1. Tally up the residues in region 51-82 that are surrounded by fewer than 19 Cβ atoms within 10 Å (Cβ to Cβ) and part of a loop (DSSP other than H, G, I, E, B), please.
2. I need every pair where a residue in region 33-49 that is closer than 21 Å to Ser8 by Cβ has its Cβ under 6 Å from the Cβ of a residue that is buried (at least 20 other Cβ atoms within 10 Å of the Cβ) and β-branched (Val, Ile, Thr), sequence separation at least 6 or different chains.
3. Between Pro66, Pro73, Pro17, which is touching a residue at least 40 places away in the same chain (Cβ under 8 Å) and in contact with a strand residue (DSSP E or B) (Cβ under 8 Å, 6 or more places away or on another chain)?
4. When residues of region 60-103 are filtered for being aliphatic (A, V, I, L, M) and touching a helix residue (DSSP H, G or I) at 6+ places or on another chain (Cβ under 7 Å), how many remain?
5. Checking the structure you have, find out if any residue of region 9-25 is in a loop (DSSP other than H, G, I, E, B) and among the aromatic types (Phe, Trp, Tyr).
6. Is it the case, given these coordinates, that Asp116 is within 16 Å of Ala31 (Cα to Cα), outside any strand (DSSP E or B) and at pLDDT below 90?
7. When you look at Arg2, is it in contact with a strand residue (DSSP E or B) (Cβ under 7 Å, 6 or more places away or on another chain), free of Cβ contacts under 8 Å to residues at least 24 places away in the same chain and under 25 Å from Ser117 (Cα atoms), yes or no?
8. Might you check whether a residue that is of a type in the set (Gly, Ala, Ser), assigned to a strand (DSSP E or B) and either at pLDDT 95 or above or out of contact with any strand residue (DSSP E or B) (no Cβ under 6 Å at 6 or more places or on another chain) (or both) occurs anywhere in region 38-47?
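The values are calculated or read from the model by the stated rules, or taken from the named source; none is laboratory data. Please read all numbers here as calculations on a predicted model, not as lab measurements. Cβ atoms come from the backbone with ideal geometry, glycine included; neighbour counts cover every protein chain shown.
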Amino acid sequence: MRVLMVTSRDTGRWVMPKGWEMDGKKPWDAAAIEALEEAGAKGTIAKVPIGEYVYGKVLDDGKVLPCRVRLYPMVVDKLKRNWKERGQRKRCWFRPRAAARRVDEPELAQLLAKLDSCKPGSQPWLQDLL
């Protein structure tokens, strides 16, 4: 199993593709849109999240807004050569534990590290993708 990460536009640190909720879209559909826009990734996305974590989103005025993120796994079928945010981000595949070491959020690091020990059919979200 591999984890596709992108760099953030402002700090350049490695993050998971994510975004705000979208009116009229199911959360997993919004996650698929964000994966395409931020990483150029297309594929099958689970309707069940791996888990969730909280991070502090720094706003333009310097205030920090706590944001809860649900992490939806995707089996990537295609990586586009050109995508919406290509000029603003880098993307890279990592093994789960290596991805966990690159993130700042402890809860996200725990979620990513647990992916190393997942067996087929062991998680509800894995059933969704099989």
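1. So the answer is 8.
2. Glu38/Val6; Ala39/Val6
3. Details: Pro66 fails: touching a residue at least 40 places away in the same chain (Cβ under 8 Å); Pro17 fails: touching a residue at least 40 places away in the same chain (Cβ under 8 Å).
That would be Pro73, the only listed residue that is touching a residue at least 40 places away in the same chain (Cβ under 8 Å) and in contact with a strand residue (DSSP E or B) (Cβ under 8 Å, 6 or more places away or on another chain).
4. To start, the set of residues in region 60-103 that are aliphatic (A, V, I, L, M) comprises 64-65, 69, 71, 74-76, 79, 98-100, 103.
This time we only want the ones that are touching a helix residue (DSSP H, G or I) at 6+ places or on another chain (Cβ under 7 Å), so: 71, 74-75, 99-100, 103.
Going through region 60-103 one residue at a time, the tally reaches 6.
5. In the first step, residues of region 9-25 are kept if they are in a loop (DSSP other than H, G, I, E, B); the result is 9-13, 16-25.
Checking which are among the aromatic types (Phe, Trp, Tyr) leaves us with 20.
Looking through region 9-25, at least one residue is in a loop (DSSP other than H, G, I, E, B) and among the aromatic types (Phe, Trp, Tyr).
6. Answer is no for this residue.
7. Values: in contact with a strand residue (DSSP E or B) (Cβ under 7 Å, 6 or more places away or on another chain): yes; free of Cβ contacts under 8 Å to residues at least 24 places away in the same chain: no; under 25 Å from Ser117 (Cα atoms): yes.
It is false that Arg2 is in contact with a strand residue (DSSP E or B) (Cβ under 7 Å, 6 or more places away or on another chain), free of Cβ contacts under 8 Å to residues at least 24 places away in the same chain and under 25 Å from Ser117 (Cα atoms).
8. Taking region 38-47 as the starting set, the residues that turn out to be of a type in the set (Gly, Ala, Ser) are 39-41, 43, 46.
Next cut, assigned to a strand (DSSP E or B) only: 41, 43.
Going one step further and asking which of them are either at pLDDT 95 or above or out of contact with any strand residue (DSSP E or B) (no Cβ under 6 Å at 6 or more places or on another chain) (or both), we end up with 41, 43.
For region 38-47, residues of a type in the set (Gly, Ala, Ser), assigned to a strand (DSSP E or B) and either at pLDDT 95 or above or out of contact with any strand residue (DSSP E or B) (no Cβ under 6 Å at 6 or more places or on another chain) (or both): present.
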